1. Considering only Phe405, Phe460, Ala441, whose Cα is most displaced toward the positive end of the charge dipole of the range 405-466, charges sitting on Cβ of Lys, Arg (+1) and Asp, Glu (-1)?
2. Which parts of the range 740-762 would a label at Ser774 reach, counting a residue when its backbone N lies under 20 Å from a point 7 Å out along Cα-to-Cβ?
3. Hey, can you rank 332-339, 692-699 by average C-beta count inside 10 Å, highest first?
4. Could you sort Ile344, Ile411, Ile368 by their accessible area in this structure, using a 1.4 Å probe and putting the largest first?
5. At R0 = 51 Å, how high is the FRET efficiency between Leu332 and Glu235 if r is their beta carbon distance? Nearest 0.05 is fine.
6. Would you tally the net charge around Asp298, using a Cβ to Cβ cut-off of less than 13 Å, leaving Asp298 out, and scoring K and R as +1, D and E as -1?
7. Restricting attention to the range 764-809, which trypsin sites (Lys or Arg not before Pro) occupy a DSSP loop and are surrounded by at most 16 other Cβ atoms within 10 Å?
8. Between Ser257 and Asp393, take the C-beta separation as r, use R0 = 41 Å, and let me know the FRET efficiency to the nearest 0.05.
Amino acid sequence: MVSFAPGVPGQVQGNRWVGVAISTIFVLIGGGIAYGAIYGTRKLQEQAATAQANPESPWLWRKDWADRRAESKKRNIAIALWVAAAFWSAIALPVTFSTVPTLWRNSDPKAFLPLGVCAIGLILAGAALRASIRRKRFGTTYFEFASLPFCPGQSLKGSIHLRFNTAARHGIDLSLSCVRQVVTGSGKNRSIQESVLWQADKNVPQEMLTGDPMGDVTIPVDFSLPSDAYESCEEQPDDKILWVLHAQADVPGINYSDDFEVPVFRLTQSPTAASSPATVFSGQAASAAPAFEYDPSDVSAPPNPKVVVSTGMNGGTEFYFPAFRNPGQVLLLLFFTALWTGVIYLIRHSQAPWVFAAVFGFFDLFLIYALLRAALGSFRVEVGSGKIVFRRDLLGMGSAREIPFSEIAQILAATAPQQQSSRASYSVCLFKKDGKKLVLADAIGDRQEARWVAAQLEKFVGLKLDTHVAVQGAFGVNAPPPQRGRLSSGSSINVRRNSPVGIAIGLAIFFAWTGFLAYRVFSHGQGQPKRVSKFAATARPSLRQVKYSPLTDDDAQRLQTLPNQEQAEELLARAIQHDPRALDLFEQNIGGWHDLERTAQMNDLESHARFSTDLRVRNANADLDLALDGFSKTEQAADQLIVQAQADPVHRPYSVYHLGMLAGRGVGTDRIYPVLVNYAKNDADPQVRQWAVEGLAYLGTDEALGELFDSFTHDASNAVRDRAGCNVSDCGNFMRKQRMRMVPKLIELAADPQTTAQMRNWTFLALHEITDESLPADASAWQEWYGQHGEAKTAEFEQSDWWKVRGDQ
């Protein structure tokens with residue numbers, strides 16, 4: 001930084017372009033700050049005007065809440081990460097390019113420091129790319145309210161809207177949390193701590209999702225709110241109560257994860273409700289809302305617990321918390337410890353006084369201890385024979401302690417305020433009758449697991465069941481959460497901005513770092529500055545099937561008395577189970593069914609029918625899709641969709657997809673086929689090309705199969721290639737003998753040295769799907785197999801029933 005000090009023009013030896021670049025960056029930053037200040041002021045004025053117009057309705061103060069929805073809290077995270085990555089790289093790269101070559105030539109280990117700084121920019125760019133892909137994949141998500149506001153004692157209902165072109169075998173995990181957010185410190189020492197005061201979880205199975213062919217899906221949300229729940233409150237900027245709905249799903253590729261802040265308010269403000277609730281902080285109990293401070297409900301075992309339950313050495317029941325049970329936390333600590341140790345190494349080899357390395361090394365010991373404890377620390381809690389025996393081990397060393405049942409007052413799951421965006425950690429605490437608290441186990445990453453363990457211990461000890469999670473923390477708050485009607489001035493709220501320990505640690509690090517920088521700057525003197533030279537293997541939902549016997553005359557008569565929806569669902573379920581009479585009856589009745597709905601059961605059946613091993617069922621599924629979306633199998637419907645595709649680019653994917661289904665069922669095939677080919681090959685929007693490819697899959701002709709292979713090999717979009725390849729190999733309504741004719745082309749594609757690794761993997765997968773042969777991913781092996789067995793396999797498919805295809809069932 002010395003090279004940018006004022007000097008005589010022409011004598012500054014620093015790189016001018018680096019100076020120009022950094023000056024430009026700071027100009028842009030200054031302009032951005034000025035714009036942000038103006039924009040923020042305008043927004044605050046608008047919000048103040050809205051609040052003044054609706055003083056008793058704080059749920060109308062936010063624009064999205066007033067529109068009965070909550071926008072995703074992560075909607076702008078990709079932009080923020082890209083800005084951060086660009087800002088960081090714009091500063092780090094010029095410095096790195098100007099310093100690393102010289103340091104590297106001199107074998108100076110300090111060259112790794114700017115490289116490490118650049119690596120942070122790459123990490124930010126990677127996170128930004130991942131966030132951008134997630135936004136592209138799931139679209140602009142929002143939570144739509146069923147009512148406004150959500151009132152304590154009632155249900156929080158609504159639906160999450162998103163794009164979801166995948167399957168979630170484990171469903172969607174939802175959690176609703178009441179969070180207290182406290183700001184401590186100020187300026188550079190400002191930190192945000194969050195405490196989860198209450199939380200409820202549930203899983204929405206795949207079959208409960210509703211969607212359309214475009215991939216837009218709604219996730220139903222339904223939670224019961226405690227009658228004495230805290231209200232949302234943001235009246236005090238440093239102490240807020242937030243209600244956050246979290247949704248996540250494990251899916252192939254980038255997982256889905258979203259957060260939505262929702263309004264929880266009473267329609268009429270109650271002075272009692274506003275002033276009485278309090279929670280447990282720092283081990284002190286207050287007169288609090290029972291729903292938050294006492295929960296007598298039992299807790300079911302978590303689906304994937306880290307704790308191991310077995311018989312202990314004394315014959316009791318043992319709960320063992322193994323080492324390395326939180327790998328994410330360990331890896332984060334390992335990264336930070338390695339970074340901190342690297343800084344100490346550079347200080348030690350920079351000819352700085354030993355005191356700087358000693359101070360930083362002292363704090364490094366704490367990091368190393370925390371790392372060892374997180375990676376190698378374990379807990380054992382054995383309960384039985386009238387006592388609890390617990391032991392904490394580190395590197396195999398530790399001592400046991402016994403507590404008789406008669407001395408135990410309470411066993412609770414507990415958590416402490418966490419830094420914002422960090423994952424909450426839970427512990428199981430034992431409170432003795434003499435007021436002492438003992439931690440039986442900590443660093444538990446799952447809230448349900450901590451509550452379940454505490455509940456099991458309470459049952460063994462014979463205590464009154466209480467499974468609420470206590471909030472405790474040495475750096476937290478000692479006052480009830482804020483609520484409407486509670487005055488901030490003169491109130492009993494006492495936020496401890498910083499603890500003495502925190503202040504001491506912060507000052508020590510600050511002075512050590514400041515002293516080191518001062519030494520580095522002034523030790524160089526004040527002289528002249530120096531020159532610094534697939535195919536997606538989609539998991540399909542498992543259908544809870546009813547096993548039907550073959551359709552009888554009595555069954556047929558009974559079906560005629562049922563509503564259309566029930567008729568369609570039962571006949572399709574029977575057809576999926578390969579009942580030919582049910583399939584014939586389905587095809588006879590499909591034209592007369594009206595007002596069919598996409599229920600959860602219908603969505604499940606439709607998904608299974610699409611991947612049936614019977615082409616007749618796949619064709620029936622196309623008829624069902626058309627009926628569900630209100631299209632009759634007529635030339636007029638074809639004309640309507642062709643015109644709509646031309647006139648409305650937004651709905652063009654929807655139109656071309658349904659055109660494919662109509663053409664596949666024999667309606668306007670000659671007119672529709674060239675339209676689909678044109679969109680599949682020439683449309684600029686890859687989404688349109690993808691859905692045109694999906695439409696071509698319904699035609700079942702050799703010509704359509706050839707066009708799909710062309711899209712598979714030549715389209716610029718990987719998503720389009722993926723779907724085209726799937727339709728060539730396994731999906732779609734083509735006979736096996738038709739697909740078999742593509743094998744020579746696929747083998748030739750695999751053997752082509754110009755074929756990319758991704759395309760080659762997809763090609764071998766297609767060969768396996770078409771032939772059912774498990775050969776190695778080697779083109780010569782497939783060429784040899786085809787030369788020896790290709791004719792026989794083709795003859796086998798030619799002689800089999802036309803409707804038998806490869807599928808799920």
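1. Phe405
2. 761-762
3. Values: 332-339: 14.2, 692-699: 28.0.
Ranked by mean Cβ neighbours within 10 Å, highest first: 692-699, 332-339.
4. Working: Ile344 25, Ile411 0, Ile368 70 Å².
Largest accessible area first, the residues go Ile368, Ile344, Ile411.
5. Working: r = 35 Å, r/R0 = 0.68.
Calculated value: 0.90.
6. On the way: positive: Arg451, Lys459, Lys464; negative: Asp295, Glu458, Asp466.
For residues surrounding Asp298, the net value is 0.
7. Answer by residue number: Arg806.
8. Details: r = 34 Å, r/R0 = 0.84.
It comes to 0.75.
The values are calculated or read from the model by the stated rules, or taken from the named source; none is laboratory data. Nothing here was measured: the structure is a model prediction, and the numbers come from that model. Here the Cβ is made from the backbone with ideal geometry for all residues, glycine too, and neighbour counts use every protein chain on show. With ligands, DNA and RNA removed, areas are computed over all heavy atoms of the protein, side chains included. Shrake-Rupley method; radii C 1.70, N 1.55, O 1.52, S 1.80 Å.
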